[in-house]
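Remarks on the structure that follows.
The values are calculated or read from the model by the stated rules, or taken from the named source; none is laboratory data. As the structure is a prediction and not an experimental result, all values here were calculated from the model. A quick note on method: Cβ atoms are made from the backbone with ideal geometry, for glycine too, and the neighbour counts reach across all protein chains shown.
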Amino acid sequence: MKEKITKIAKGIIEYELTKVTLSEEAIEFSIEAGKKYSGSITMSNRDGVYMKGLVYSSSFFMKLKNTAFAGQVVTIEYEYVAVNLNPGETHSGIITIESNLGEFEIPFLATVEMPFFDTTMGKIRDLFQFANLAKADWLQAIKVFKAEEFETVFLSNDRKNRLIYRSLSKSLSASHGLEEFLIAIHKKDRIQFTIDKSFLEYEEVQETFQDKLTIRKDNWGYSEIRITTDSDFIIPEHKILWTDNFIGNQYILEYRMDPSHMHPGKNYGKLFLRTSHQSFTIEIVAYCYKMDGTKRKIRNYHSASLEFTRSYLNFRMNRIAVEQYMLEVNQSIQNFYELHGQEYELLKLHLAIMEENDEKVQTLFGQLREKEEQWKESAPFILCAYWYLNALYQKDHGSIEEARERIEKQYQKKEDCWQLFWFLLYLDQSYEENPEKKKRAILQNLKKGSKSSVLYLELANLYRMDAGLLHELNRETIQVLNWMVKENYITDEIIERYVYLAGRMKGFHLVVFRNMKQLFEREENDEILHTICTMLIKAQKAAVKYNRWFARGVEKQLRITQLYEFYMDSVEENLFYIFPQAVLLYFSFQSNLNERKAAFLYANMIYNKEQYGDIYLQYEKKIKEFAICQLEKRAVNEFLAIIYEELINKDTICKEYAVYLPYVMFRHEIQCHNANMVGVVVCHKELTEEIYVPLEDGKAYIHIFTENSNVFLVDSRENRYCTTVEFTLNKLLHLDELADYCMPYAADNGMLLLHLYEQMESYHKYAQNAVSMRKKLLLMEELEDNFRNHCIVKLASYFYDSMQGDELDSLLQTIDFHKVSSQDRVKLMELCMLRDIDDNMLELLAQYGYENNSMKKLVRFLKKYIQKQEEPNKLIVNMAYDTVRMGKHNQEIVEYAAKHFNGTTKEMKQLWDAGRIYSVDMLLLEEMYLSQCLFTEKCKSQSVDVFLSYYKKPERNKILVQSFLNYFAYKYMVKERLIPDSLFSVMEQELQFEENQILLIAVLKYKSTLHQLNSQELEFVDVHLSGLARKGIVFSFFKEFQKVMHIPHCIANKYFVEYRTNPNNKVMIHYTIESDTSDGMKFRQEEMKDMCYGIFVKEFILFHNERLMYYITEDDGMEETITESIHVQYEQDFSSEDNKFSFLNLMLMAREVQDSKTVMELMRQYLETEAIVAQMFQPLE
């Protein structure tokens, strides 16, 4: 800039600036709220001139990457910041380029749009469009749903749905979260599935085959179907099925039936299809006939074995006669023949012995004796059975002893074979002689794992003979006793013994308990009932299903410790139930009940107090003490709610109740019967944190203390549900009308505060407590930002209106302005300005701007900042200028801006105009302004006022003054621009101190336009006109002076052709002079002389009746063009002084009218004048 000004001061001025090309003449764009828009402007020129300059933006939101540039091609990068702007706003401004090739203004218009997502469906801005995207392209909708900008685009002003989105987006499955969200905002319906079959039957399944099931859905969207089966022979193709697997609205589910996992006959199985909301069961029956002969024989053998054993037991228990026994055995053993022929032969021998058919017995023994050696190796058990039957038949001591010894040897080898042991029981005489030994032996065999009912029978018979043998209950004896109870083979004596031992068991044994129940049901007995109750109490069994036993015990007035407590613990929680008087009397003196059962008892008494009569009166004090104790523990359930509502009302509320009541008064019970759900999430719009509570048996207790809170169910896969899973919500306590009574005693309870505050905001209740409530709410760390800011703004407005300055100051110093809405931020920032709380104000103004702030408050802030005399700050300087621009300024602000501001010429002129009001010293501003005007060569007429002010200052820069005057003189002289008259006096004054040709010519030209000149001016013109003429510098305007003074003949008698162009160009004039006597037109060509700065002049002498015709061509080195064509005719000026040119023209005129006398007289005068001049003006020797 300084370099160019110096050149102009030296008179080096470009005739014209190189034309600049801008890539953008105007900028117009749309931008999403909260985003940034970047762009650039390319600046170039055709001549490759090196450009320098500065760039300015008129808008706070339009940021320039670099404010200075230099180069032949320049790129100006900009960024429009709409981070804190609101949709619907439009902002306009100008980017001004101040360069050595001129000043350029590029207007811009920014339209702030609603945020959007750019998708395959175009720009989507609302939830309706988003739902359409989900319907058309689910995967792309998932990406949008998971994007950080989702809330900003769709939910910025939708608090309710924003809360729903935040919770559902935490689902483990994003697809599930999106599905639930669309349903919750009513943009789609839940998908319902149907199947075409619920029962399938297959006959004669012999090999694997495939079948299919059609699943249909009624809607688009996402769902997950889990497919399971309870049978190995049913094999579905998928374990999980998603809706995107469907073709259209249906899916063909294929499954295989595998007979390798089937048993012969009917096979039952189920195929389960489950979603979070629906469950389908397809029952399948398959008939499999794959058994070969061997397997059929095995099945028949096992069936026959069971039948034989059953017949034997019935026979031994005297339930069938020997004849019936033999008949049944004979029928059942037929199935032994095919698979176990040896056992079949032995059983036939057994029957023959029982029939006492000696002939048949001898025949069979004879047949079997031949196989004895073979059995020793291959079938020792069969051999032992053979020995046993032989001893049974022979009956002599030797045969029996021999068989015992042989079998005992085999038993020692295979002790787990209960049949060998059973043979010994009847062959070893010591067992018969010693029942205790026999009992121990049987128990020992049972301990090895045997579960044979034959052995059970043997031990049972021992107990029947002598109940005293039953000393204790262990696993084996319980097995036997259970068998005896099931078989109804137990005697009263054994029952008594069993009951006695059961009552003394330390642990709980389910089989024993079941036996006691069976025995009691056969015959009610107080001892058995006592044992049952004792067993249950020892085992802490208090389920509802056991209450019948405790109730019977209470009814029978059994003396059992904790009987009444377990009765209460197990009783069904039914408020309509009337307790026995004995129970009520018992608990009126002592109560070891758990808290829930105690609450149930007291709630029941309150509910039925009229029926309980005087007994209820005995409980009143106990109930009140219990209620206070539970309140202190902040406990509540459906029974405590009845107690609290009975005891607490407007008449009875006191500190004792009020301190703790808020902790229970908002409790709700939620019940959900969907087995997939495992927990509940509660979200309040006023709080940042959500509360998770697990579901237990489909039930949970949650706090809901404000309206429009949201409840979400959570499944075992951590997916959330808003509206698609049914649940019931029951408010336990209906004492909300007492909330304000609790306020003095529980003012720090967040739930109470939020509840009362919402009531105040929605229904204008409790307004007298508004200030204290807001102050207490702001102490809660978990408040949601928007709600916190709402409270802050309300509280700040109140403090300001009520002139509570200290309170307002304390509040303002706690605000996080980055979390405040743009509208509230402006209000709070202005309050900070008013209260002189400006620690972070510059940072806030720099980040969020000040366009929406009150100018009055900005002026106050600026004044205070300026008074601190801190280092200049660009933001403060710009703010100071903006207050000037808006006309909201004072002297201090104008002085500060004038001292530090640097902007466009237009802006600096506005600032200068304001400074004149206060007579501010604007030397620096004027210097910057004038410099920039000259640099850009945009010196408009209004700049003259600034210059004249600057010129008056002693500290003015001489070069700058010279440059400014030169520039305007040049424009006036070369470009023929009109300039204020006041400048010419300055130019003339400057000419007194220093020669300056361009100023001199400009001043002379100006004076040539004046109708009258004083003597001093005439002298000035005469001196300088002659001086220029002597130098050969003449201009056409010189002739204008002959109206007021004598001018040199060399000027007065000539006609001057002037042409203005770039002094670097070659200018040629093509002319001809015509007269009445000339012969045709013949043009001559001459190069015109550049007098100075591109003013080309050619002088002509024209006589009467001569006509000058000419045209001018200009050659810029690239091409030659005709630029001007003019016809000029001589006109006599009779006011001019006499000279020889005048005499000649008069002669020509007289001759033209044939006035010979006049012609002769003029010729005489001409010759006399010439002679006198020749004589008087002799050359010096």
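Quick check: is even one residue across the range 597-607 at pLDDT below 95, touching a Pro at 6+ places or on another chain (Cβ under 8 Å) and buried (at least 18 other Cβ atoms within 10 Å of the Cβ)?
There is no residue in the range 597-607 that is at pLDDT below 95, touching a Pro at 6+ places or on another chain (Cβ under 8 Å) and buried (at least 18 other Cβ atoms within 10 Å of the Cβ).
Please work out which residue is farthest from PHE1056 (Cα to Cα), limiting yourself to the range 1101-1116 and to residues that are in contact (Cβ under 8 Å) with a residue 40 or more places away in the chain and of a type in the set (D, E, K, R).
Step one: of the range 1101-1116, the residues in contact (Cβ under 8 Å) with a residue 40 or more places away in the chain are 1101-1105, 1108, 1110-1116.
Checking which are of a type in the set (D, E, K, R) leaves us with 1114-1116.
Details: GLU1114: 18, ASP1115: 21, ASP1116: 23 Å.
So the residue we want is ASP1116.
Of the conditions (1) buried (at least 23 other Cβ atoms within 10 Å of the Cβ); (2) closer than 18 Å to TYR850 by Cβ, TYR929 satisfies every one except a single condition; which number is it?
With respect to (1) buried (at least 23 other Cβ atoms within 10 Å of the Cβ); (2) closer than 18 Å to TYR850 by Cβ, TYR929 is out only on (2).
Any idea which residue in the range 1006-1036 is surrounded by the fewest Cβ atoms within 10 Å (Cβ to Cβ), counting only those that are under 24 Å from LYS971 (Cβ atoms) and of a type in the set (Lys, Arg)?
LYS1031
Test LEU473 against the stated conditions and say whether it is assigned to a helix (DSSP H, G or I) and surrounded by 15 or more Cβ atoms within 10 Å (Cβ to Cβ).
no
Here is a list of conditions, (1) within 60 Å of the chain's Cα centre (by Cα); (2) in the same structural domain as LEU473 (by TED's automatic domain parsing), and THR531 meets all of them except one; can you say which number that is?
(1)
Hey, ASN267 hits all of (1) at pLDDT 95 or above; (2) of a type in the set (S, T, N, Q); (3) buried (at least 18 other Cβ atoms within 10 Å of the Cβ) but one; which does it fall short on?
So ASN267 meets the others, but not (1).
State whether one or more residues within the range 764-771 are at pLDDT 90 or above and among the hydrophobic types (A, V, I, L, M, F, W, C).
No - not one qualifying residue is present in the range 764-771.
Please go through the range 1101-1115 and give me each residue that is in a loop (DSSP other than H, G, I, E, B) and charged (D, E, K, R), ordered by number.
GLU1106
Does ASN132 count as closer than 23 Å to GLN823 by Cα and of a type in the set (S, T, N, Q)?
So ASN132 fails the test.
I want to confirm something. Restricting to the range 727-753 and keeping residues that are among the acidic types (Asp, Glu) and in contact (Cβ under 8 Å) with a residue 40 or more places away in the chain, which single residue is surrounded by the most Cβ atoms within 10 Å (Cβ to Cβ)?
ASP736
Working carefully through the options ALA131, ALA141, find the one that is of a type outside the set (S, T, N, Q), in contact with a Leu (Cβ under 8 Å, 6 or more places away or on another chain) and closer than 16 Å to CYS722 by Cβ.
ALA131
Is it the case that the range 71-93 has a residue that's in contact with an Asp or Glu (Cβ under 6 Å, 6 or more places away or on another chain), surrounded by fewer than 19 Cβ atoms within 10 Å (Cβ to Cβ) and more than 21 Å from MET114 (Cβ to Cβ)?
Checked against the condition, which is being in contact with an Asp or Glu (Cβ under 6 Å, 6 or more places away or on another chain), surrounded by fewer than 19 Cβ atoms within 10 Å (Cβ to Cβ) and more than 21 Å from MET114 (Cβ to Cβ), the range 71-93 yields no hits at all.
For PHE712, indicate whether it is more than 26 Å from the chain's Cα centre (by Cα) and aromatic (Phe, Trp, Tyr).
No.
Report whether or not GLN562 is at positive phi and not aromatic (Phe, Trp, Tyr).
yes
Give the range 540-557 a look and list any residue that's in a loop (DSSP other than H, G, I, E, B) and either buried (at least 16 other Cβ atoms within 10 Å of the Cβ) or modelled with pLDDT of 95 or more (or both), or say none.
Correct list: LYS541, ALA542.
On the basis of being buried (at least 17 other Cβ atoms within 10 Å of the Cβ), modelled with pLDDT of 95 or more and assigned to a strand (DSSP E or B), does VAL693 make the cut?
No.
Would you please name the residue that is farthest from HIS818 (Cα to Cα), looking only at residues in the range 10-44 that are in contact with a Pro (Cβ under 8 Å, 6 or more places away or on another chain) and surrounded by 15 or more Cβ atoms within 10 Å (Cβ to Cβ)? Walk me through it before giving the result.
Residues of the range 10-44 in contact with a Pro (Cβ under 8 Å, 6 or more places away or on another chain): 15, 26-27, 32-35.
Filter once more, keeping what is surrounded by 15 or more Cβ atoms within 10 Å (Cβ to Cβ): 15, 27, 32-35.
Numbers: TYR15: 55, ILE27: 30, GLU32: 19, ALA33: 16, GLY34: 13, LYS35: 16 Å.
It comes out as TYR15.
Select from the range 1123-1168 the residues that are modelled with pLDDT of 70 or more and closer than 18 Å to CYS1050 by Cα and list them in ascending order.
Correct list: LEU1144, ASN1145.
Every residue in the range 797-811 that is surrounded by fewer than 20 Cβ atoms within 10 Å (Cβ to Cβ) and either within 23 Å of TYR865 (Cβ to Cβ) or more than 32 Å from the chain's Cα centre (by Cα) (or both), please.
Within the range 797-811, TYR798, TYR800, ASP801, SER802, MET803, GLN804, GLY805, ASP806, GLU807, ASP809, SER810 meet the criteria.
Go through the range 112-157 residue by residue and tally those that are in a strand (DSSP E or B), buried (at least 17 other Cβ atoms within 10 Å of the Cβ) and out of contact with any Gly (no Cβ under 9 Å at 6 or more places or on another chain).
Selection size over the range 112-157: 3.
Going by the structure shown, is PHE587 surrounded by 21 or more Cβ atoms within 10 Å (Cβ to Cβ), closer than 24 Å to TRP549 by Cβ and of a type in the set (Phe, Trp, Tyr)?
Here the answer is yes, as PHE587 does meet what is asked.
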